[in-house]
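All remarks here apply to the structure that follows.
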């Protein structure tokens, strides 16, 4: 019985470390209130996020907002959304028994194929392989 508890703790701590490293990477040298609020906004709205929604929330024109995001984060808006979604997917893969399709939908992907593509591009393995290896 000690083995599963130890394995679970290892999985949980590895997932938490990966999530925090990802967030720290996004926030590195960008500790401004705008960046913090942007990350929180994307996290809270990842299932229905759009450039227009975010621009409106922050009071910018939708055509100017991408420039502001890039200047303040060194990432495009889409890169931020993708990173936050994939970090959440990693947590769900390790901490739930939800299917890949359920996870994909819960983080805002309309297409599971698109989720697989983004996940593989980032981690060089499928979500199923990630779940098995971690």
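The values are calculated or read from the model by the stated rules, or taken from the named source; none is laboratory data. Given the structure is predicted, the values throughout are model-derived calculations rather than measurements. Reconstructed Cβ throughout: ideal geometry from the backbone, glycine too, with neighbour counts over all protein chains shown.
Would you mind stating whether residue 86 is touching a helix residue (DSSP H, G or I) at 6+ places or on another chain (Cβ under 9 Å), surrounded by 17 or more Cβ atoms within 10 Å (Cβ to Cβ) and more than 20 Å from residue 48 (Cα to Cα)? Against the criterion (touching a helix residue (DSSP H, G or I) at 6+ places or on another chain (Cβ under 9 Å), surrounded by 17 or more Cβ atoms within 10 Å (Cβ to Cβ) and more than 20 Å from residue 48 (Cα to Cα)), residue 86 does not qualify.
For the condition in contact (Cβ under 8 Å) with a residue 60 or more places away in the chain, on the phi < 0 side of the Ramachandran plot and in contact with a helix residue (DSSP H, G or I) (Cβ under 7 Å, 6 or more places away or on another chain), what is the one hit in 45, 57, 134, 61? Criteria check complete, one pass: 134.
Matching residues to (1) modelled with pLDDT of 95 or more; (2) closer than 18 Å to residue 123 by Cβ:
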{"residue": "61", "(1), (2)": "yes, no"}
{"residue": "65", "(1), (2)": "yes, no"}
{"residue": "68", "(1), (2)": "yes, no"}
{"residue": "74", "(1), (2)": "no, no"}
{"residue": "77", "(1), (2)": "yes, no"}
{"residue": "82", "(1), (2)": "yes, yes"}
{"residue": "88", "(1), (2)": "yes, yes"}
{"residue": "96", "(1), (2)": "yes, yes"}
{"residue": "100", "(1), (2)": "yes, yes"}
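Of all the residues in the range 41-56, those that are surrounded by fewer than 18 Cβ atoms within 10 Å (Cβ to Cβ) and assigned to a helix (DSSP H, G or I) number 7. No other residue among 124, 70 is over 15 Å from the mean Cα position of the chain (by Cα) and surrounded by 13 or more Cβ atoms within 10 Å (Cβ to Cβ) apart from 70. With respect to residue 38, determine if the residue is surrounded by 13 or more Cβ atoms within 10 Å (Cβ to Cβ) and either at pLDDT below 95 or not in a helix (DSSP H, G or I) (or both). When the stated conditions are applied, residue 38 does not pass them.
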